[in-house]
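Novice: Supplied in structure tokens, the structure appears directly below.
The values are calculated or read from the model by the stated rules, or taken from the named source; none is laboratory data. This one's a predicted model, so the numbers in the text were calculated from it and none came from an experiment. Please note: Cβ atoms are built from the backbone with ideal geometry, for glycine as well, and neighbour counts cover all protein chains shown. Heads up: the accessible areas ignore ligands, DNA and RNA and are worked out on the full protein's heavy atoms, side chains in. Shrake-Rupley method; radii C 1.70, N 1.55, O 1.52, S 1.80 Å.
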Amino acid sequence: MHTKPCSMTDFLSASAGTWMIRRVVHHMDHQDDEAGDSNLTVAPFGTEDDCVASICAALGVDKNQACGGARFWWESNLKESERSEDRAAALVDVADREDPRQGFLLRDKGYVEKQAVVSRYRFDEEGVLTITTRYDTSVGIERCWFVTDQLRMRVSSVQCMDGVTMTTYCTERRCPTTDDILSHARQTALREA
């Protein structure tokens, strides 16, 4: 049975692993729209991770307020390659002590403008996560939710002074691990024996 995460700690834990992303990007300016596939790997970490202290220090936040976080890597799903820091980010969760459905995400680099950034997040009653990030020249709004434990949906927009400049729609399917595949193979072999 699927349970909807309603805190960032639960959301990051439920997101652990590799996801195949099918993405459509609509540019509202003069650029062509895009579509493509990629992989996203999510690796949650606890408060003792070195990343917590460094990101909190960079953004002037007391590291004792942190609840952990996660590292993210965006990778091609067409060819194997080494993980690159150019396609990586880390975030630290600072949950509201009164209401763990909301809080702040501290990121070592933002998605829109590549600088350290603080985002505000909130989960609604249905488990939909909304992240709002205010950059120097734009605002990014992202919504993400689990349809099942194996399927997530994500939509986002980037707004500048002259209006919305970009929207995205993503379907994210969890990739099976090697252990998952071997387990299925064993179960199949037992059924066929």
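Novice: Once phi is turned into θ = phi - 60°, what whole-Hz ³J(HN,Hα) does the Karplus curve with 6.51, -1.76 and 1.60 give for every residue of the range 121-127, x standing for Gly and Pro?
Specialist: Taking θ as phi minus 60°, the curve returns 10, 7, 9, 8, 5, 8, x Hz for the range 121-127.
Novice: On average over all directions, what projected area in square nanometres does the chain have, based on the convex hull of its Cα atoms? Intermediate results must be reported in sequence, preceding the final value.
Specialist: Working: hull surface 54.4 nm².
One quarter of the hull surface, i.e. the mean projection, equals 13.6 nm².
Novice: Using DSSP loop states and a limit of at most 16 other Cβ atoms within 10 Å to flag GluC sites (Glu not before Pro), what is the longest stretch of the chain containing no flagged site?
Specialist: Details: sites that count: Glu48, Glu80, Glu82, Glu98, Glu113, Glu125, Glu126.
Result for the longest clean stretch: 127-193.
Novice: Using the Cα centre of the chain as origin and beta-carbon charges of +1 (Lys, Arg) and -1 (Asp, Glu), tell me which of His30, Ile181, Gly69 is placed farthest towards the positive end of the dipole.
Specialist: The listed residue farthest towards the positive side: Ile181.
Novice: Shifting gears a bit: Using a 1.4 Å probe on the protein chains only, how many percent of the accessible area of the chain belongs to carbon and sulfur?
Specialist: Details: 5980 of 11600 Å².
The nonpolar share, carbon plus sulfur, comes to 52 percent.
Novice: Still on this structure: Can you tell me the accessible area per residue over the chain, all protein chains present, probe 1.4 angstrom, in square angstrom? Walk me through the intermediate numbers first.
Specialist: Working: 11600 Å² over 193 residues.
Heavy-atom SASA per residue in the chain reads 60 Å².
Novice: Trypsin sites (Lys or Arg not before Pro) within the range 93-193: which are DSSP loop residues with at most 10 other Cβ atoms inside 10 Å?
Specialist: Values: sites: Arg97, Arg101, Arg107, Lys109, Lys114, Arg120, Arg122, Arg134, Arg143, Arg152, Arg154, Arg173, Arg174, Arg186, Arg191; in loops: Arg97, Arg101, Lys109, Lys114.
Of the trypsin sites (Lys or Arg not before Pro), the ones in loops of the range 93-193 whose Cβ has at most 10 other Cβ atoms within 10 Å are Arg97.
Novice: HN-Hα J couplings of the range 48-53 from phi, Karplus 6.51/-1.76/1.60, θ = phi - 60°, integer Hz, Gly and Pro as x?
Specialist: 7, 5, 4, 4, 4, 5
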